[in-house]
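The structure appears below as structure tokens.
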Amino acid sequence: MPQPDRIALRVLQQRATPPDGVTTVRVDLAAFFEALAEVGRDPALLLLTIRALRQRTGAALRLDDLVWVMGARSRRIRAWLDRLAAEGQIVYDVTDGAIEIELPEPTPPTWTDVQPPHIPLRYELPTHWFIHVLPRLGRATFTTYLYLLRRDGLTAPATLDLASLTRETLLRTTLHARWHLWRLRRHGLVALDREAKTLVVMDPPPLTPAARRWLRHLRTTGLTPPRLVLAVVLVLAAVIVAMVLGRAASGA
């Protein structure tokens, strides 16, 4: 998506009370990105996902649920849980695939915490984002989307700086930032208003039939995108080897 390094930002996401029946999780996005800087992007996003799923189901989580939602293998999920536990963010135990998690009460805010520029911006994020949007976008792109939401209200008008986006979401380069912004545009979460020279941030669109089939595939097979790519490569390699051997045998 061609764009300058700094661009005006317009967030259409509503902060008002969501419609009845929509389960939400209240998130302080400023605190989320502070935690991201302390424990890493994936562990911080895992903690937020756990909160959302607990709010959504009200039941114990299973390791398999986190595997397909986060798009990572179980050993990486365990490593991120260990990191969060080491930082005192959670207390957890895994028994027969079920995860028992305790979330310690956060430290009460000090006077400095509620003064500019540290005024918390709390969002009511629909919990279905974490099972409908996160698995399709991937962890880094979803974190980029949360960063765009966080920018709303920080300045007037809100702006997006690619260098800040790269730094605060722990991306490697601004090229990676542009890539994730392009993916958000492809999925209909952002749009570039060329006349106003503004990047418009929108709520995720409803799932298409193809997206629902892909999510069912993730749930039933457990094949995360990297493992799916590896499986496809292995199948193609086997087909090519079989074709070569068949031609060699026929030539002989």
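Since every read-out is calculated from the coordinates, none of them should be taken as a lab result. Owing to the predicted nature of the structure, the values given are computational and were not obtained by experimental measurement. Using ideal geometry, Cβ is built from the backbone for each residue, glycine included, and neighbour counts are taken over all protein chains shown.
In a shell of Cβ-Cβ distance under 14 Å around ARG194, excluding ARG194 itself, what net charge do Lys and Arg (+1) and Asp and Glu (-1) give?
Computed value for this residue: +1.
Give me the extension gain from TRP182 to GLU87: residue separation times 0.36 nm, minus the current Cα-Cα distance, reported in nm with one decimal.
Extending this stretch completely gives an extra 30.8 nm.
For ARG54 and GLU38 in the same chain, what is the full-extension length gain: residue separation times 0.36 nm, less their Cα-Cα distance, in nm? Don't jump to the answer; show the numbers that get you there.
Details: separation 16, 0.36 × 16 = 5.76 nm, distance 2.31 nm.
Length gained, ARG54 through GLU38: 3.4 nm.
Under 5 Å between amide hydrogens, which residues at least 5 positions from ARG73 or on another chain qualify, with H placed 1.01 Å from N in the peptide plane?
Amide H neighbours of ARG73: none.
Could you check the spin-label model distance between LEU154 and ARG172? Points 7 Å from the Cα along Cα→Cβ, value in nm.
Going by the 7 Å Cα→Cβ label model, 2.4 nm.
I need the peptides 202-209, 124-131 ranked by packing, meaning the mean over residues of other C-beta atoms within 10 angstrom, with the highest value on top.
124-131, 202-209
Using amide H atoms built in the peptide plane, which far-off residues or other-chain residues are under 5 Å from LEU9 H to H?
Counting only residues 5 or more places away or on other chains, the set is ALA158, THR159, LEU160, LEU199.
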